[in-house]
Structures are given as structure tokens and as C-alpha cells.
1. Please check which bits of the range 1-39 a label hung off R222 would reach, taking the label as a point 7 Å along Cα-to-C-beta and the cut-off as backbone N under 12 Å.
2. What is the calculated FRET efficiency for D177 to Q95, with r their C-beta to C-beta distance and R₀ = 30 Å, to the nearest 0.05?
3. List the extent of the Cα atoms of the range 2-244 along each of their three principal axes, largest first, rounded to whole Å.
4. With only Lys, Arg, Asp and Glu charged, each at its Cβ (+1 for the first two, -1 for the last two), find how big the charge dipole of the chain is about the Cα centre; round to the nearest 20 debye.
5. For the chain, modelled as a GNM with alpha-carbon contacts under 10 angstrom, which of T219, T197, T93 fluctuates the most?
6. Can you say what percent of the DSSP beta bridges in the chain, counting only those with both residues inside, are antiparallel? Round to 5.
7. Can you check what the net charge comes to around N27, using other residues whose Cβ is under 11 Å from the Cβ of N27 (Lys, Arg +1; Asp, Glu -1)?
8. I want to check the label-to-label distance for E52 and T197. Put each point 7 Å from Cα in the C-beta direction and report it in nm to one decimal.
Amino acid sequence: MEIFFLGVGEACDTAHGNSSSLLTASNGTRILLDCGFSVPHQYFRTVDQPEELDCVWISHFHGDHFLGLPLLFLRLWQLGRTKPLHIVGQKGTEQKVRGALELAYPTFEKKLSFDFEFHQIQAQETISLAGLRWSAALTQHSQYNLGLRIEDGPVTFYCSGDGRANAQAKELIQGCDFVVHESFSMVDTYPYHGSVTSTLQIAEELDMGRIALVHLDHTLRRTQLPQLEEMVRAVPHALLPAAGHRLTF
């Protein structure tokens, strides 16, 4: 599998973009993991073929995780996409996505040259799609947010969306080859967000491969970068990615 980090910041981060990644499976399936405000511009800087994207995963309905979708759809239409686009998420995803598109570009859905295929997944559930196994767990967040585990044969991947990891999320993280986890604050300041310290603790407690810390408060990289880098370096398989980083695992 390969992961390409499109953005690694939180909602208000003007320097690092909204957290989102493009995951490519061994069979070539490409999955966009969340699509916030800044994501379409970053995506189309590197991908100019409208048919390359197969699936979009939406972890929850905060704007920096799904309100980039109308622009994504608009540009795919401009580029001439005809292949259906799979959209995967929790109950209500279809209504939220169609509603966001209608709000951004009224009546535009009728003009689209491609169809949506929606797939619903709930916490503690596993579905099969595009030759992969998708499993979800509810995290501790202010909105209903699902952490996602993807199994690609023997290789496993997890992305948190937003929220502190609870016991159910840790079950999905356990044994993964690569984990992307939100780490909003330096320590556990907010009850509905992860932190740098709690994410690094997960890395040390669980059996896993590499773990990437994303969705940091936009002030951390600006004011505490040396301390942050030192903390991450102390955990051998932890990393602090930047937008544009591409890794294979």
C-alpha cells in the first residue's frame, strides 16, 4: 500500500491544509480519506486524471473533513469523469453529501456525468468493497466519528479521523502496519481530541508498525516544533509527516 499526505493540519491551519490522505491499495484502488475545505486544490495539484479516484471515505461531518466534496465533484465533472464514485461512511452520509452539493451548487447534481455509489458502515461493523475489508470503530469525539481499518491482504492500515482512541479504536489499531492518528494538542487538553502524548503512548503500548501524527493545532508547529520533533524522534516508528509526503508500507 502507499499513502500520500494531501494535508496534515486542522480546520484553521493555513500552512499545512486539512488532514487528508490518498491511499493506494495493492490492487490499484485509490481511496481519498476525508475531504475538507482545502483538500480538492491539493488533490488536483497532483492528480489530473478524472478516473483515478475510486472511493472517498468520510469519517464524520465536521466541515474540515467533508465540505470539500462539492468542489471535488465539480472538478471531476469538468475533467470528464464518467466512472461511478464510491462514497463510504456512517449512516446519513448520502443525505449529508447530496445536501452539501446542493447547497454549494444548486441543481448541479443533475448535470454530473458520473454516479455516486454510497456504502454505509457502522461502528463495530466490517464490509467488503473494492477487494478490501473495511472495519470501523467509534472514537471519542464531539461528533459521531468513525476510525477506519482497511485490510489489503496481509497489510493493514488505520486512520482515526478525529477523536481520542478508546478501547474499540485500539482494537482496530492493534496489529496495523501503518496508522494515521489525529494529535490535536501536545497533552490531553481536550476530552474529544487526541494529543501528541496520547498518540505516542498508543504507539508504545500496541503492536503496530509506523504511526503518523496529523491534525495538530496550527500553533504547535509554529511555536513548539523543536520539542514536538524531539518527542516524535523518541518513538522509533513514529513520524510527523508534511503535506506532499509519500510512503509505501
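Just so you know, all these numbers are worked out from the coordinates, no wet-lab data involved. On a predicted model such as this, the values are computed, not experimentally measured, just so you know. Glycine gets a Cβ as well: all are built from the backbone with ideal geometry, and neighbour counts include every protein chain shown.
1. Zone members listed by number: 12-16.
2. After rounding, the FRET efficiency stands at 0.30.
3. Result for the range 2-244: principal-axis Cα extents of 51, 37, 30 Å.
4. Value, rounded to 20: 500 debye.
5. T219
6. The antiparallel proportion sits near 55 percent.
7. -1
8. Each label point lies 7 Å from its Cα, and together they span 4.1 nm.
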